[in-house]
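Presented below is the structure to which this report refers.
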Ligand SMILES: Cc1cc2nc3c(=O)[nH]c(=O)nc-3n(C[C@H](O)[C@H](O)[C@H](O)COP(=O)(O)OP(=O)(O)OC[C@H]3O[C@@H](n4cnc5c(N)ncnc54)[C@H](O)[C@@H]3O)c2cc1C
């Protein structure tokens, strides 16, 4: 009988003195289903990782040895990227076991965690201790190290992306040494949105703030005209705001999600907002989907980590089958982008499940999609059919290109590498930093060589 992946892994684990789980290198045939690859698939199951060997070291020393020995190596986070940014044909290192809360420093308002910790797990621990993070993405399932790598973000005019929470980070270099940078150190701004290109991140120190509660309301039926005419007013109307839309003329699927911080003051939510009506039931970002997976709405007060994301930790987020793309455009161009996307509504109707519009505060992190100025993020949840999606995505990118759109590092794009590279003014400095830290390109992969180092 062939061993199942799990039993095979357990077998190798118990059989190797160093407890390096390195199946693939130890045996030519390691999985019952070879189409799953030794490292399995990404979250969307849109591709199988191409790694020859998959390792899950249990200690930092084992991790250091592995990195030292490997010629080419990549870390795998929570598998939620749609791009192949985490992929490799060589050694892949799973990091979800590095998920400890290392230190909660209440005096300096920081928390240090293993890079493999999921935001959802961290949030619960922080909240119990009376603390919070300033923001979260739409889902809490993603890992800290993997999320800051791609400048993952939530929403809010005053909220930077999740990488802006980073006060310090520690990683294993190409030589297998441990190194650390803290905010204020030279090159810190270059290392935070690391794209997985600088080393294996082991620990991340994040800013925290006192825990807070949030009330969430959804308004259904925002018209395209109201969205364009009142863009700033809509996005400044709560701590975190999202607009979901299918870009069609009938505003049935266009909703405003408001996440208000609860303060001591009395609060009464209006029944109507720019023509959209306050929902009288909990909804999913796609209004006619089952709302069970969504964070509670209708003004029910709850802790920050059960309201800031759209999806609850205990459910699979989003839709059953999807691909995603997202583009960041300087805020001054937001209304123009909305006009362009309405112009493509017939083409979008063929392949789009839903779009989300969010605002992200500008930052100074070199490879951040919000580098330099405030951005508006235009997200697309596509049907899971790349050939059909690709044709429409190209049209979207053509419209957004003159406005300097930057694609999300973890999502899908058809943009040429030279176009993408030109969108990041600090890319030459990032390449220099990577070359200093990793002169042989140990942490490169096809994705990075195409878009960053090519
Ligand atoms: C349903 C869904 C909803 C999403 N919502 C949002 C959203 O609201 N906002 C948003 O911005 N994005 C969103 N995303 C995209 C997602 O947040 C990003 O792709 C994120 O990078 C995924 O993190 P991960 O932990 O899954 O890392 P992975 O996808 O596994 O890896 C991402 C990158 O990080 C590197 N990496 C991971 N861990 C380490 C480590 N320890 N050391 C070095 N490198 C490492 C990998 O090599 C890779 O380069 C969503 C994705 C899905 C599937």
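The values are calculated or read from the model by the stated rules, or taken from the named source; none is laboratory data. Everything numeric in this text was worked out from a predicted model, so none of it was measured. Here Cβ is always computed from backbone atoms with ideal geometry, including for glycine, and neighbour counts include all displayed protein chains.
The lone criterion from (1) closer than 30 Å to residue 300 by Cβ; (2) touching a helix residue (DSSP H, G or I) at 6+ places or on another chain (Cβ under 8 Å) left unmet by residue 181 is number (1). Against the list (1) assigned to a loop (DSSP other than H, G, I, E, B); (2) surrounded by 21 or more Cβ atoms within 10 Å (Cβ to Cβ); (3) within 16 Å of the ligand (Cβ to nearest atom), the condition residue 356 fails is (1).
Sort out which residues of segment 320-338 are part of a loop (DSSP other than H, G, I, E, B) and either in contact with a strand residue (DSSP E or B) (Cβ under 6 Å, 6 or more places away or on another chain) or crowded, with 18+ Cβ neighbours inside 10 Å (or both), and write them in order of number. Let's see the steps before the verdict.
Narrowing segment 320-338 to residues part of a loop (DSSP other than H, G, I, E, B): 320-322.
Residue satisfying the conditions is 322 alone.
Right, residue 107: buried (at least 18 other Cβ atoms within 10 Å of the Cβ) and farther than 22 Å from residue 36 by Cα or not? No; evaluated as a whole, the condition is false for this residue.
Total residues in segment 142-162 satisfying the condition of being more than 10 Å from the ligand (Cβ to nearest atom) and not in a loop (DSSP other than H, G, I, E, B): the figure is 0.
Considering (1) in contact with a strand residue (DSSP E or B) (Cβ under 8 Å, 6 or more places away or on another chain); (2) buried (at least 18 other Cβ atoms within 10 Å of the Cβ); (3) closer than 18 Å to residue 155 by Cα, the lone condition that residue 373 does not fulfil carries the number (2). All of (1) closer than 23 Å to residue 337 by Cα; (2) away from the ligand (no atom under 16 Å from the Cβ); (3) crowded, with 20+ Cβ neighbours inside 10 Å hold for residue 285 with one exception: (2). Tell me yes or no: at least one residue of segment 390-406 is under 18 Å from the mean Cα position of the chain (by Cα), assigned to a strand (DSSP E or B), buried (at least 19 other Cβ atoms within 10 Å of the Cβ) and outside the structural domain of residue 190 (by TED's automatic domain parsing). Yes, some residue in segment 390-406 is under 18 Å from the mean Cα position of the chain (by Cα), assigned to a strand (DSSP E or B), buried (at least 19 other Cβ atoms within 10 Å of the Cβ) and outside the structural domain of residue 190 (by TED's automatic domain parsing).
Restricting attention to segment 414-442, the residues that are within 20 Å of the chain's Cα centre (by Cα) and not in a helix (DSSP H, G or I) add up to 4. Determine if segment 65-73 includes at least one residue that is within 11 Å of the ligand (Cβ to nearest atom), within 23 Å of residue 181 (Cα to Cα) and not in a loop (DSSP other than H, G, I, E, B). The answer is yes, given that some residue of segment 65-73 is within 11 Å of the ligand (Cβ to nearest atom), within 23 Å of residue 181 (Cα to Cα) and not in a loop (DSSP other than H, G, I, E, B). For segment 184-207, the set of residues classified as in contact with a helix residue (DSSP H, G or I) (Cβ under 6 Å, 6 or more places away or on another chain) and more than 9 Å from the ligand (Cβ to nearest atom) consists of 187, 190, 192, 193, 206, 207, listed by residue number. In segment 333-347 there is no residue that is within 14 Å of the ligand (Cβ to nearest atom) and either without any contact (Cβ under 8 Å) to a residue 12 or more places away in the chain or under 20 Å from the mean Cα position of the chain (by Cα) (or both).
When segment 300-314 is filtered for residues that are assigned to a loop (DSSP other than H, G, I, E, B) and buried (at least 16 other Cβ atoms within 10 Å of the Cβ), the ones remaining, listed by number, are 307, 308, 309, 310, 312, 313.
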